[in-house]
1. Report TRP25's accessible area, 1.4 Å probe, all protein chains in place, as a number in Å² to the nearest 10.
2. Give the Rg/Rh ratio for region 122-165, taking Rg as the radius of gyration of the Cα atoms and Rh as the Kirkwood radius, to two decimals.
3. Considering Cα pairs under 8 angstrom that are at least six residues apart, work out the relative contact order of region 209-285 and quote it in whole percent.
4. Between their Cα atoms, which of LYS98/LYS255; LYS38/LYS255; LYS180/LYS287 are more than 31 Å away from each other?
5. Could you state how much accessible area THR208 has, in square angstrom rounded to the nearest 10, with a 1.4 Å probe and all protein chains kept in place?
Amino acid sequence: MSWLKKSKEGLKTQQRKRELPDGLWTKCEECGEILHQKELERNLWTCTKCSYHFRIPARTYVNILLDEGSFVERFSEVVSTDPLKFRDTKRYTDRLKKAREETGLSEAILVGEGMIEGRPLVIGVMDFAFLGGSMASAAGERIARGILLALEKRHPLVLLSSSGGARMFEGILSLMQMAKANALLARLSDAGVPYISIMTHPTTGGVTASFASVGDVILAEPKALIGFAGPRVIKQTINQELPEGFQRSEFLLAKGMIDRIVHRNELRKTLSWLLQFFAAAAMLPQKPRRRAGETLARFRAVGGPIAQTAPPPPKAPEEVPAPAPPLREFQPTGTQGPNGVPAPMPAQTSGESPAEPTQESPESPPGGSAAFPADREIPIKK
């Protein structure tokens, strides 16, 4: 072979293939930063660069918020059925079976009892991975039973929402859960039991229109999508450009729809402070409260003497102050002291008759006197 001909094969070098295990790195959906999985887990699944909050399962939220080993699941036997025999591309029963296998949950919400720094509470956490966190009849029943449990034990209620709305595979039965949950929350409010609502990304549809928006305190994670209909649907409906950041938690905070935006790293601490605040408020004397929709006349009639405001306690008899000494009389005429003020007369000795009342001079204008003429300005030292 001629040495002028170039070999097409080239040099052969031994290459070693680097194999990276799956799930070792994660890309941030907001800023594109490549994050190590262990570092992301230490930061509670939030981006260290832009604070983007990744969507996490319901049981992970429970582990973040509650004391270790304090959570006890309740009402796991309440599951959805297929009352309408619904079928589109798949049967509804097949969708339920697949969602239960992927998430390990029997329904879109996890309800139970637990503690935060030793303070008991009833908590419900929605999981978006279970059919979009949709609220079906079983999910609504779990929420209702959780409210009744909080009412029975007088423990604060915390509901964490992550949902696309009502589950329309069950039609009107899913929409009925909105009214049922809100009616029971009104009873919880009448009893004076606190309810804290936490909105995560996303919280939309019937969940936003019902129990997620009526908490005594409403918290939200940063940049969470919160609304009834999505921004794309609203834009197409009104045919107008939407403001920047529309339906995000920062936009709702500026409009007064939520109370506070809390980073996931501070969520447990914030809940602990709120529970401590409500526990201290419960120790104060409480006045009777009107129930939702109760008229004032009915409230007074049912309440009886308890609903009436107690009369204030009688005040202790006050000491009568000693009479002030009589003012010294001034000369009606005569020499004047500094700044034009007449000099006081000497004290009256015993046996002398009291001085006659001063009469206005006929030459002075009405309303004045010889000592204080009405048309004369009294000089005052600065």
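1. Its accessible surface works out to 130 Å², give or take rounding.
2. On the way: Rg = 11.0 Å, Rh = 10.8 Å.
Reported Rg/Rh, Kirkwood definition of Rh: 1.01.
3. Details: 53 pairs, mean separation 26.5, N = 77.
After rounding, I find 34 percent.
4. Working: LYS98/LYS255 40 Å; LYS38/LYS255 37 Å; LYS180/LYS287 27 Å.
Check vs 31 Å cut-off fails for LYS98/LYS255; LYS38/LYS255.
5. 20
The values are calculated or read from the model by the stated rules, or taken from the named source; none is laboratory data. Values in this document were obtained by computation on a predicted structure and should not be read as measured data. Protein only, heavy atoms only, side chains kept; ligands, DNA and RNA dropped before computing areas. Shrake-Rupley method; radii C 1.70, N 1.55, O 1.52, S 1.80 Å.
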